[in-house]
Amino acid sequence: MLSLTTGLAPLVLAGLLGWTGAVKVFSRGTAQQAPKTALARMLRSSERATTVLRATGAGELLIAAGLLVIPANPVPGAAAAVLGAGFLAYLGYGRTMAPESSCGCSAREDTPITWRAFARAAVVLIGGATVAMAQDTWWPTVSERTAGALVFLAGAAAVLVALSADLDRWWLLPLRRTRLRVFGHPLLGTAAGNHQVPVAASVELLENSLAWQAAAPVVRSALLDHWEDDGWRILQYSGVYGDGENARPVAVVFALDATAGRDTGDDPVVRVGYVDADSGEAVAVDELSAVPSRKSLPMAG
């Protein structure tokens, strides 16, 4: 097993660095994600952070190429180990200075720095050191122990996927959705078949929707009331519609699927309506482009 590990370490490490490097260099998301990273906070510039991320990606691609072509040479392995140590130092500093920011490790992650980022950096450090000391090539191992090599590489790939937050949407979110469908939501203690989510989850989903962005200038309160009606979760806020002398107090009422949550995939349909606070009549407003439907919404009885 040890010989299999040392023999295939250059291939595994090259795959990891080649993937993260290619994303940083070639993805248009690099510039979009750079402002959200701890690196942008450190450099106090999104543009400089983008440049550093792309330069780091180019270095990763160069090291990956070296690991594939000249794995017996200690230089690519040593360079990977130094890179991994640098990643760990950066993650530690970034976690302390900007804990809410992402690391930008693959230029796609938008989640805060967690243990998974540290674990992946440790893999680069340990893998690089192993390759530099072993000075072994990977192709004899693949050709002579093909079955074992395939099993090892599949296991290594699974570990790396599990350590990559930006890949969660391909395996972790579907797994969570399946668990919710089978066992119900754990916070509600429901049986399978009843999939309503907590109100706080509905509020979070609403506040990240286009409908909320469109109606937010009218809203003047936090959540005041909520109820369920025919599969819809109704969320009521107070607000002021109009300006100056035409301003009038209204109830802002949103409706969305009571079973929708962050783990359910696509953005849910959100309906919104304004109800005059004095008369209880629906307020006629221009169609909001961000809202798919604006039917009359049931009020609490």
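The values are calculated or read from the model by the stated rules, or taken from the named source; none is laboratory data. The structure presented is a predicted model; accordingly, all values stated were derived computationally and were not measured. A quick note on method: Cβ atoms are made from the backbone with ideal geometry, for glycine too, and the neighbour counts reach across all protein chains shown. The area values use the complete protein model at the heavy-atom level, side chains included, leaving out ligands, DNA and RNA. Shrake-Rupley method; radii C 1.70, N 1.55, O 1.52, S 1.80 Å.
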Conditions (1) in contact (Cβ under 8 Å) with a residue 60 or more places away in the chain; (2) assigned to a helix (DSSP H, G or I); (3) under 18 Å from the mean Cα position of the chain (by Cα): number failed by residue 95: (1)
For residue 112, all conditions in the list (1) buried (at least 20 other Cβ atoms within 10 Å of the Cβ); (2) touching a Lys or Arg at 6+ places or on another chain (Cβ under 9 Å); (3) not in a helix (DSSP H, G or I) hold save one; what is the number of the exception? (1)
If the Cβ limit is 7 Å and pairs must be 6+ apart or interchain, which residue in the stretch 1-13 that is modelled with pLDDT under 90 pairs with which residue that is surrounded by 15 or more Cβ atoms within 10 Å (Cβ to Cβ) and among the hydroxyl-bearing types (Ser, Thr, Tyr)? 4/141; 6/130; 7/141
Number of positions in the stretch 132-152 that are in a helix (DSSP H, G or I), open to solvent by 50 Å² or more (accessible area, probe 1.4 Å) and closer than 28 Å to residue 117 by Cα: 3
What are the pairs, 6+ residues apart or on separate chains, where a residue within the stretch 196-211 that is without any contact (Cβ under 8 Å) to a residue 60 or more places away in the chain has its Cβ under 7 Å from a residue that is open to solvent by less than 80 Å² (accessible area, probe 1.4 Å) and basic (Lys, Arg)? 202/233
Which residue pairs have Cβ atoms closer than 7 Å, lie 6 or more positions apart in sequence or on different chains, and pair a first residue in the stretch 117-138 that is without any contact (Cβ under 8 Å) to a residue 60 or more places away in the chain with a second residue that is outside any helix (DSSP H, G or I)? 117/103; 117/105; 119/163
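Under the condition of being part of a helix (DSSP H, G or I) and free of Cβ contacts under 8 Å to residues at least 24 places away in the same chain, which residue from the stretch 39-61 is surrounded by the most Cβ atoms within 10 Å (Cβ to Cβ)?
As a first pass, look at the stretch 39-61 and keep what is part of a helix (DSSP H, G or I): 39-43, 46-61.
Now narrow it down to the ones that are free of Cβ contacts under 8 Å to residues at least 24 places away in the same chain: 43, 46-48, 50-52, 55.
Details: 43: 16, 46: 18, 47: 12, 48: 14, 50: 23, 51: 15, 52: 19, 55: 12.
Only one residue tops the list, namely 50.
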Taking residue 81 and the conditions (1) within 25 Å of the chain's Cα centre (by Cα); (2) open to solvent by less than 50 Å² (accessible area, probe 1.4 Å), which numbered condition does it fall short on, given that it satisfies the others? (1)
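Filter the stretch 208-227 down to the residues that are assigned to a loop (DSSP other than H, G, I, E, B) and either of a type in the set (Phe, Trp, Tyr) or under 16 Å from residue 238 (Cβ atoms) (or both), then identify the one that is most open to solvent (accessible area, probe 1.4 Å). First the steps, then the outcome.
Kept after step one, since they are assigned to a loop (DSSP other than H, G, I, E, B), are these residues of the stretch 208-227: 208-209, 216-218, 220-224.
Subset that is either of a type in the set (Phe, Trp, Tyr) or under 16 Å from residue 238 (Cβ atoms) (or both): 216-218, 220-224.
Values: 216: 39, 217: 90, 218: 17, 220: 141, 221: 33, 222: 72, 223: 58, 224: 108 Å².
It comes out as 220.
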If you check residue 34 against the conditions, is it at pLDDT below 95 and either touching a strand residue (DSSP E or B) at 6+ places or on another chain (Cβ under 9 Å) or small (Gly, Ala, Ser) (or both)? yes
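Quick check: anything in the stretch 64-75 of a type in the set (Gly, Ala, Ser), open to solvent by less than 30 Å² (accessible area, probe 1.4 Å) and touching a Cys at 6+ places or on another chain (Cβ under 8 Å)?
From the stretch 64-75, those of a type in the set (Gly, Ala, Ser) are 64-66, 72; that's our starting set.
Going one step further and asking which of them are open to solvent by less than 30 Å² (accessible area, probe 1.4 Å), we end up with 64, 66.
Filter once more, so that each one left must be touching a Cys at 6+ places or on another chain (Cβ under 8 Å): none.
There is no residue in the stretch 64-75 that is of a type in the set (Gly, Ala, Ser), open to solvent by less than 30 Å² (accessible area, probe 1.4 Å) and touching a Cys at 6+ places or on another chain (Cβ under 8 Å).
Scan the stretch 193-207 for residues that are of a type outside the set (Val, Ile, Thr) and assigned to a loop (DSSP other than H, G, I, E, B) and report the count. Steps first, please.
Going residue by residue through the stretch 193-207, those that are of a type outside the set (Val, Ile, Thr) are 193-196, 198, 200-202, 204-207.
The next check asks that each one be assigned to a loop (DSSP other than H, G, I, E, B); those that pass are 193-196, 198.
Count: 5.
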